[in-house]
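Below you'll find the structure, written out as structure tokens, and then a few comments.
The values are calculated or read from the model by the stated rules, or taken from the named source; none is laboratory data. Predicted model only: the values in this text are computed from it and were never measured. With ideal geometry, Cβ positions are generated from the backbone for all residues, glycine too; neighbour counts draw on all protein chains shown. For accessibility, only protein heavy atoms count, side chains too; no ligands or nucleic acids. Shrake-Rupley method; radii C 1.70, N 1.55, O 1.52, S 1.80 Å.
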Amino acid sequence: MDNISRHMETIKNHFEGEAEEFDAIILRNIPYYYQMVDALASAVSFQESVPIKVIDLGCGTGTISSAILKRYPLAQVTCLDLAPSMLEMAKIKLSGYPGVRYISGDFTQCDFDDRYDLVVSSLALHHVLTDDDKKQIYRRIFDNLTPNGLFYNADIVLASSDTLQEMYMSRWKEFLAKSVSQDEIENKWIPKYYEEDRPARFTNQLSWLSEIGFTNVDVIWKYYNFAVYGGTKP
């Protein structure tokens with residue numbers, strides 16, 4: 001098993017154990033999470049009557065897919081996640097939508113089996129091990145989008161300098177302290193962040209998208225080290 005596979009197996013085991021509590025954990029840990037979700041969904045600009053093809057990479061419990069389906073009920077959505085228990089939670093959340101399929105797999109390894117009008121992801125791509133690995137995934141996303149297809153990602157990012165990053169982390173800890181004990185912050189969530197998460201500098205990621213060929217690359221929403229961003233395939 002290579003380094004990427006071992007790392008993603010660690011992530012899988014983590015989320016398998018948290019699936020039933022995941023939504024509550026997200027609200028405690030991610031600042032203004034519903035704003036983030038709404039920002040991503042609002043950036044999608046297809047006609048509602050068009051049955052767009054969508055893939056949600058690292059879908060978790062299906063929150064992003066749910067937001068997309070509320071706006072585009074005819075969408076054909078593929079939910080991909082490496083934790084089967086997360087997919088089971090997503091099936092419950094999305095049970096009112098018949099046009100959803102569920103795939104258990106690692107988005108760093110799986111080949112796209114179709115072309116998509118929309119690729120979305122939420123709090124998943126920051127687990128990808130290296131910057132080069134992230135670039136490869138962005139390239140695969142670009143290659144498997146239809147012309148005028150969209151890619152939007154809601155994720156954890158790094159600041160453009162160490163000084164700013166320290167401030168970002170300080171603001172995040174302040175948010176966590178509203179609902180999490182100081183002991184849990186310092187001995188659970190921050191160590192887990194450094195152990196499992198591999199965010200990249202935000203400014204670099206915007207440059208990578210442009211270099212790959214995305215147009216209209218933009219920042220849709222941002223709160224310190226959390227951001228929604230993406231672009232269009234011409």
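Summarising the amide proton neighbourhood of VAL217: residues at separation of 5 or more, or on other chains, whose placed amide H is nearer than 5 Å comprise THR232.
Rounded to the nearest 0.05, the FRET efficiency derived from the C-beta distance between LEU74 and MET169 at R0 = 45 Å is 0.60. Highest GNM mean-square fluctuation among TYR97, TYR33, TYR193, for the chain modelled with Cα contacts below 10 Å: TYR193. Using the Cβ-Cβ distance between VAL50 and ASN204 with R0 set to 22 Å, the FRET efficiency works out to roughly 0.05.
Along the axis of the charge dipole computed for the stretch 195-234 (Cβ charges of +1 for Lys and Arg, -1 for Asp and Glu, origin at the Cα centre), the listed residues TYR224, GLN205, PRO234 are led at the positive end by PRO234. Considering only Cα-Cα distances, which of the following residue pairs are longer than 30 Å: LYS134/LYS178; LYS53/LYS222; LYS91/LYS134? In this structure, LYS134/LYS178 exceed 30 Å between Cα atoms.
A cysteine counts as unpartnered when no other cysteine's C-beta lies under 4.7 Å of its own; in the chain this applies to CYS110. Based on the Stokes-Einstein relation at 25 °C and a viscosity of 0.890 mPa s, and on the Kirkwood radius from alpha carbon pairs, the chain is assigned a translational diffusion coefficient of 137 µm²/s.
For the chain, give the percent of accessible area contributed by carbon and sulfur heavy atoms, probe 1.4 Å, rounded to a whole number.
Details: 5160 of 10610 Å².
Accessible surface attributable to carbon and sulfur in the chain totals 49 percent.
Across the stretch 19-128, the mean sequence separation of Cα contacts (distance under 8 Å, 6 or more residues apart), normalised by length, yields a relative contact order of 29 percent.
Rounded to 0.05, the FRET efficiency of the LYS192 and SER95 pair, given R0 = 30 Å and the Cβ-Cβ distance, is 0.45.
Just for the chain, what percent of DSSP beta bridges are antiparallel, to the closest 5?
DSSP beta bridges in the chain are roughly 40 percent antiparallel.
Per residue, how many Å² of accessible area does the chain show with a 1.4 Å probe?
Counting only protein heavy atoms, the per-residue value for the chain is 45 Å².
Entry note, the stretch 92-229: relative contact order of 30 percent, from Cα contacts under 8 Å with a spacing of 6+ residues. For PHE226, the amide hydrogen comes within under 5 Å of the amide hydrogens of VAL157, counting only partners 5 or more places away or on other chains and with H modelled in the peptide plane.
GNM remark for the chain: springs join alpha carbons under 10 Å apart, and the peak mean-square fluctuation among SER207, SER65, SER122 falls on SER207. Modelled label positions at ARG115 and ASP23, each set 7 Å beyond Cα in the direction of Cβ, lie 3.6 nm from each other.
Relative contact order for the chain: 21 percent, from Cα pairs under 8 Å spaced at least 6 residues apart, divided by residue count. Stretched out straight at 0.36 nm per residue, the stretch from THR215 to GLU88 would grow longer than its current Cα-Cα span by 42.2 nm.
Taking a straight Cα-Cα cut-off under 13 Å and skipping sequence neighbours fewer than 8 places away in the same chain, the aspartates and glutamates within cross-link reach of LYS135 are ASP143, GLU211.
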